[in-house]
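Here the structure is laid out as structure tokens; the discussion comes afterwards.
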Amino acid sequence: MKTKFIFITGGVLSSLGKGLAAASIGALLQARGLKATIQKLDPYINVDPGTMNPFQHGEVYVTDDGAETDLDLGHYERYLGKALTQQNNYTSGSIYYSVIQKERRGDYLGGTVQVIPHITDAIKEAVVGLPTDEDVALIEIGGTVGDIEGQPFLEAIRQLKNDLGKENVLYIHLTLVPYIKAAGELKTKPTQHSVKELRSVGIQPDIIICRSEVELDEDLKRKIALFCDVDRDAVFTGVDVSSIYEVPLKFYEEGVDQKIAILLKLPAKNAELGPWERLVDRLKNPKGSVKIGIIGKYVDLTEAYKSLHEALIHGGVANDVKVELEYVNSEKVTPKNVEKKLKGLDGILVPGGFGSRGIEGKILAIRYARENKVPFFGICLGMQCACIEFARNVIGLEGANSEEFDPLTEHNVIYLMKEWYDFRTRKTETRCEESDKGGTMRLGSYPCKIKKDTVAHVAYQTVNIDERHRHRFEFNNRFIDQFVEQGMVFSGTAPDESLMEIVELPGHPWFLGCQFHPEFKSNPMNPHPLFRDFIKASKNEKAKKDK
Ligand code: GLN
């Protein structure tokens, strides 16, 4: 079967959950036995989100091949259950960058380089350049119809209908149908305007999905169909749900995949949604709860810790408990209040991060977890802080620190590694000069060797794993002996033992730090073993306390 392309645009306003809608449609099509992939085209000028503030843009998601991407790729991977690559996320910045590089090389032979056709051609190449062994490719256009930056993308996907053949292309538009309380009414006007805007650039949507607090009734759907010129049975409600994992089921109930299949002439087949039904059932019927504290600097901002948040929920599903998250601002944690702030927690997690803000509070929280035997999970910066805490308070290395926060410290237990052996390229890699902030990190998937009979081994049940990285600093091997003497176990290392990837403390209910980001590989159908076991330990400790 030739690959069919589904383009998803958004209207009215951002944050309607276009990424989740795309991911859910992908999951539904997969459940019909089709091979699906998803791509995100982001209109902003940044070459990638790697240098963007998570506060503004949400987390930076990392793929196996080391691409720093939009967080929607996290949803795509979690819903499709497969690994995506650099090719699944382009930005205006990356498109323009490639065109400008070509222009500098003289590839355009002196021609005038223009948005149409040069930029639009580069966008089209990015779309059709996706692996072609897929039955369906979903292409999500970031932003909202009408954005200035989005114009070349809309023009490119408009052209693609002719390039790829009408029978192979489908346009889905996601809009908002607000409920006006005072009038007790749902309003369709914003949707009408949004579709008008889309049609003004030459795109006629085939399907409209209306985000709404309440279900749209038959009359309203008919009205939207009439005004927007789509089939009556091509207007769907994307109603608010309590868990994001319900969306594929809701879309199925509405008949979204049926309509797509008819319009794109996909094989007639019923979607097999058993695994999704079981997942939602387990999510909605937990047999208890655990309270996990996330000690970080982005407080109450779940977007900045999106994958982490999801991975914890997956860990809860695996243990049939509801995971209640409590964000603790590490800048506010002091030696005086640490106990009061952390006392009610069943597990403590210190996530990844950059910069010195809030570091001392994280170290205090880790000391509290270590001494009070509260299950502890340190991720990337969290592992580095656990090593600093151990160096200072157990080994007695005064002023121990990471070079990131104290470049002159004598006890630089975390330091900037200048060279390392890359098992993927089989070459010694040298870190580039710090002058350029983009692309100076250890990024993407690296192999790790697990030591037998450790907490890590109990979790993974294997000795060879691969996990994704995104950091500049590493554990300084000069200190290994002192750490081991005082009881720290390096349970995961690079295959040649040159890099310390996992640390843990025996004799503690569960104390583990990892240099990589396991949250990027957790999946609702297949919760990550470290998250599963961290939640399990927190559940067990809670049960002991309750007794
Ligand atoms: N800031 C630390 C480093 O660069 C940790 C990064 C992270 O947690 N992702 O090594």
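Each reported figure results from applying straightforward, stated rules to the coordinates on display, with no laboratory input. Note that the structure is a prediction, hence the values are computed from the model and not measured. No Cβ is skipped: glycine too gets one built from the backbone with ideal geometry, and neighbour counts run over all protein chains shown.
Things worth noting here:
- Convex hull projection area averaged over all views, region 139-196, Cα basis, nm²: 5.1 nm²
- Aspartates and glutamates whose Cα lies under 17 Å from that of K102, excluding same-chain neighbours fewer than 8 positions away: D121, E125
- The order of T3, T237, T132, going from fewest to most other C-beta atoms within 10 Å of their C-beta, is T132, T3, T237.
- Cross-link partners of K451 among aspartates and glutamates (Cα-Cα below 12 Å; sequence separation of 8 or more within a chain): E497, E501, E504
- Its Cα gyration tensor gives the chain an equivalent ellipsoid. The semi-axes, each the square root of 5 times an eigenvalue, are 43, 28, 20 Å from largest down.
- Of K336/K449; K40/K373; K250/K544; K250/K287; K343/K449; K161/K223, pairs whose Cα-Cα distance is over 32 Å: K336/K449; K40/K373; K250/K544; K343/K449
- Compactness relative to 2.2 N^0.38 Å, alpha carbon Rg of region 181-222: 1.31
- Semi-axes of the equivalent ellipsoid for region 270-314, Cα gyration tensor, largest first, Å: 27, 15, 6
- Distant-in-sequence amide contacts of L186, defined by a placed amide H-H separation under 5 Å and a gap of 5 or more residues or a different chain, comprise I180.
- Taking a ≥ b ≥ c as the square roots of the eigenvalues of the alpha-carbon gyration tensor, region 29-132 is classed oblate because a/c is 1.5 or more while a/b is no larger than b/c.
- Built from the Cα atoms of region 483-535, the convex hull projects on average onto 4.4 nm², one quarter of its surface area.
- Loop-located trypsin sites (Lys or Arg not before Pro) in region 130-188 (DSSP state not H, G, I, E or B) with no more than 10 neighbouring Cβ atoms inside 10 Å: K181.
- For region 84-120, the list of trypsin sites (Lys or Arg not before Pro) that fall in a loop by DSSP and count at most 14 other C-beta atoms within 10 angstrom is empty.
- By DSSP, the beta bridges lying fully in the chain are antiparallel in about 35 percent of cases.
- Amide hydrogen neighbours beyond the local backbone of H528, cut-off 5 Å, H modeled: N523
- For region 30-78, the fraction of C-alpha pairs farther apart than 12 angstrom is 67 percent.
- The alpha carbons of region 109-178 occupy a box of 50, 33, 19 Å along the principal axes, longest dimension given first.
- Close amide-amide hydrogen proximity is noted between F516 and C380, each under 5 Å apart and 5 or more residues distant or on a separate chain (H modeled in the peptide plane; Pro and chain starts excluded).
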